[in-house]
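Input: a single structure, listed below in structure tokens.
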């Protein structure tokens, strides 16, 4: 009788321990993090916590900005002048499909590729594709915006079919607002008209007009889907 | 030739740099190239066609890299759908 009760108590204790282990572990982790932050505060260092790998890095408010500047310079060195100006002024790139000019893609940072028909403006499909860096060097798998655009551009111009085969296809409107995309296409058409007019007028006017265009569009990506 | 790698929170980093005509430097470039491919990265060489069109070429071995290429850019492999990334 006593032996039976003792066994039951042991089994019950083991069950309770097993069930409460995740909560205990989480509480222990939180306590450790609080202790680490308290120590860091005492040393005058601000830490950010990585939710994915549990690591902590010295907080650097300029890191993402510097990363984006580097990425922008790399993108600029790879694409042609018109494509760079398009990205700088409008916040997205247009890449023509490999089967002639019947269709094209819009490349937004960290958004799906959007296939459309330039002649009619009809939206064809969204292709969801990402380039996650599993090593998460600063706790994030996301490349800087311009690196994401460049990765898509490289993959698309190198092997359009393979990239599209890897992507998940959806009908337009799943993630990109069709009305907003239509507005971006109108902005693109206007931008191209202005460039054509300016390039026909001479280099001095070109520079002034490009500056005006940047100011009007609010710099990189303002007003585009990216900003949404 | 420069081997560059895109990196979250940083932009590109230079993995290796050398002259492919110098055997020692070429060996180092090849080793760095293999390390990145083994880590699951894609490698692309930005190119320009004779018509002036800019594009890229994906390469799967160092032998596929044009000898006169100035740089090879490594970036994470494409993941379709990428629910975790919010796409």
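Values quoted throughout were computed directly from the atomic coordinates according to the rules given, and no laboratory measurement underlies them. These figures come from a predicted structure and were not determined experimentally. A quick note on method: Cβ atoms are made from the backbone with ideal geometry, for glycine too, and the neighbour counts reach across all protein chains shown.
For peptide A:129-141, compute the average count of partner chain beta-carbon atoms within 10 Å of each residue's beta-carbon. Don't skip to the answer; put the middle values down first.
On the way: counts 7, 11, 11, 9, 11, 5, 6, 2, 5, 4, 2, 2, 6.
Across the residues of A:129-141, the mean count of other-chain Cβ atoms within 10 Å is 6.
Go ahead and run the numbers for FRET between residue B:35 and residue A:15, Cβ-Cβ distance against an R0 of 41 Å, rounding to 0.05. Mind dumping the intermediate values first?
On the way: r = 48 Å, r/R0 = 1.17.
Efficiency at R0 = 41 Å is approximately 0.30.
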Mean Cβ neighbour count within 10 Å, used as a protection proxy, ranking B:42-52, A:68-78 highest first = A:68-78, B:42-52
In whole angstrom, note down how far apart the Cα centers of segment A:133-202 and segment B:36-72 are.
-> 21 Å
Just for chain B, what percent of DSSP beta bridges are antiparallel, to the closest 5?
-> 80 percent
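Run the numbers for residue A:136 and residue A:162: contour at 0.36 nm per residue of separation, minus the present Cα-Cα distance, in nm.
On the way: separation 26, 0.36 × 26 = 9.36 nm, distance 2.53 nm.
Once the chain is fully extended between residue A:136 and residue A:162, it gains 6.8 nm.
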Note the full-extension length gain between residue A:98 and residue A:192 as 0.36 nm times their separation in residues minus their Cα-Cα distance, in nm to one decimal.
-> 31.7 nm
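So, R0 is 41 Å and r is the distance between the beta-carbons of residue A:201 and residue A:177; what FRET efficiency does that work out to, to 0.05? Before the final figure, lay out the partial values.
Values: r = 35 Å, r/R0 = 0.86.
Here the calculated transfer efficiency is 0.70.
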Once you put a point 7 Å from the Cα of residue A:31 and another 7 Å from the Cα of residue B:61, both along the Cβ direction, what distance in nm separates them?
-> 5.7 nm
Among rounded, prolate and oblate, which fits chain B when a ≥ b ≥ c are the square roots of the eigenvalues of its C-alpha gyration tensor, a/c under 1.5 means rounded, and a/b larger than b/c means prolate?
-> oblate
